[in-house]
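In what follows, a structure is listed as structure tokens, so that the remarks can point back to it.
The values are calculated or read from the model by the stated rules, or taken from the named source; none is laboratory data. This structure is a prediction, so every number in the text was calculated from the model and none was measured. All Cβ positions, glycine included, derive from the backbone under ideal geometry; neighbour counts span all protein chains shown. When the accessible area is computed, the model is the full protein with side chains, heavy atoms only, and any ligands, DNA or RNA have been set aside. Shrake-Rupley method; radii C 1.70, N 1.55, O 1.52, S 1.80 Å.
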Amino acid sequence: MRVAVIGGGIGGLTLGLALRRRGLTADIYEQAAELAEIGAAVALSANATRELERLGLGPALDAVSTEPTELIFRDGRSGARVAAHPVRDGGAYRTRFGAPYYGVHRADLQKVLSGGLAGAGLHLGHRLAALDQRGDVMMLAFENGAEVEADLVIGGDGVRSPVRRWITGGEKVRYSGTSAFRGVVPMGLLPSLPDRQAIQFWMGPDAHLLHYAIGGEADSVNFFAVVEGPGTWTSERWLAGIAPGEHRAGFSGWHPAVIEMLDALPQTQRWGLFVTDPLRRWHRGRAVLMGDSAHAMLPHHGQGANTTIEDAVTLAELLAAGGARDLDRTVRRYQDLRQARTRTIQRSAWATNRLLHLPDSVGPGALARRDARMARFPEDFGWIHAFDARAVVGKAAAEDSRAA
């Protein structure tokens, strides 16, 4: 079975590793001349780390990651704790979900993944130019002149996915109406920051700031500051330039720790936050989508990378079980197992954005209800972290066997 994966990001590399662990191989085609992740860092929750541990990456990942002490929600202006939940403290998170929660630099995560793959089947400098199906064979042409045949093409090529355009016939991506400023700051530049190794949300009117420590020594903080607007996004890229000081406009009067973080590094641009509209189908013929190409979501549950890893493991399990015998059925089953969960998380991320950005005008009652929601976070959203992709595929296979 010839499997071609378009995109050498977190999803593509994880899929390559997962397939190899199951006795299959894949060729991964990455458009960049060298592996380079967009963005600063990623939070990995148990639904992903349990799968990376199963791939034998646990020790390497642990060595370059920080396990947060707590999850803390704060008032963005006063800094008061609204709600807090133990993570590393007392082993609470591992005990509940059976795997760790990590903050890790994207470059370090990619090194762990690519190191596990050891270059097997990875082709850099391959930007997809054309895709077609002839009978049961997929024909791929790349801008560098290479032409490839495959039995199955997997699009792990991001929000603006050429594979998705071939499958759906359209772009299916839209601007969320929110944007962000981001960076990685040395811990020493943040003297006002409380609870330095916690993952924290600072909430306020029309804005919030998320941050967590990263690295094996927890010596840096990754932050992601989200604001409402601009109303339209005119740039063809994810990034747009800003005027000096524009990054602080949405955080006037906020706690000194927030301002220190925003000002610790020069801010010259903002990131537009884009999502994919829910797709009716994730596959066409012998091509199928995974990760952001299928279900790009707002980052407020930190699940973009985690659900991508779930996708990769699910595909690997199904392909290992079905082989090349019935790829059409395999990709349909994959969509059945993944679509509802990822749509639910997408919708929940939108709702979380509204909660984090509640204006003062909603009144004290609504703000109190928000605070109560944050206090119930583990009960309300534990289902995201408890998910076990391999177990779900196994359960589905058993149900199929009984039905047959």
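Compactness of segment 340-379 is given as radius of gyration and Dmax, 11.7, 35 Å, from Cα positions.
Rounded to the nearest 0.05, what FRET efficiency is calculated for R343 and A375 with R0 set to 35 Å and r the Cβ-Cβ distance? Mind showing how you got there, number by number?
Numbers: r = 26 Å, r/R0 = 0.76.
In this case the efficiency is close to 0.85.
Taking every Cα-Cα distance in segment 73-154 and sorting them into 5 Å bins starting at zero, the pair-distance distribution P(r) comes out as 3, 10, 11, 10, 11, 12, 8, 7, 8, 9, 7, 3, 0 percent.
Using the Kirkwood radius over C-alpha pairs as Rh, can you work out the diffusion coefficient of the chain via Stokes-Einstein at 37 °C, viscosity 0.692 mPa s, in µm² per second?
Working: Rh = 21.9 Å.
So the translational diffusion coefficient is about 150 µm²/s.
The value for segment 1-86 of Rg(Cα) / (2.2 N^0.38 Å) is 1.49.
Which angle from 0 to 90°, rounded to the nearest 10, does the C-alpha axis of helix 377-386 make with the longest principal axis of the chain? Result, in degrees: 20. Around the Cα centre of segment 273-404, unit charges on the Cβ atoms of Lys, Arg, Asp and Glu (plus for the first two, minus for the last two) sum to a dipole of about 360 debye.
What's the magnitude of the charge dipole for the chain around its Cα centre, counting Lys and Arg as +1 and Asp and Glu as -1 at the beta-carbon? Answer in Debye, nearest 20. If you can, show how the numbers build up before the last one.
Working: 46 positive and 44 negative charges, 213 e Å.
It comes to approximately 1020 debye.
Once all protein chains are placed together, S114 keeps about 30 Å² accessible to a 1.4 angstrom probe. One Cα centroid belongs to segment 146-175, the other to segment 257-324; the line between them spans 14 Å.
Taking 25 °C and 0.890 mPa s as the conditions, I'd like the Stokes-Einstein D for segment 313-404 in µm²/s, using the Kirkwood hydrodynamic radius from alpha carbon pairs. Walk me through the numbers on the way to the answer.
Numbers: Rh = 16.1 Å.
Once the numbers are plugged in, D ends up at 152 µm²/s.
Pairwise Cα distances in segment 236-299 exceed 17 Å in 60 percent of cases.
Over 13 Å, how big is the tail of the calculated P(r) for segment 191-251, in percent of all Cα pairs? All intermediate terms of the calculation are to be shown ahead of the outcome.
Working: 1303 of 1830 pairs.
Cα-Cα pairs of segment 191-251 separated by over 13 Å account for 71 percent.
Secondary-structure-derived ellipticity at 222 nm for the chain, considering helices only, amounts to -11500 deg cm²/dmol, per-run term -39500 (n - 2.57) for DSSP H runs with n ≥ 4.
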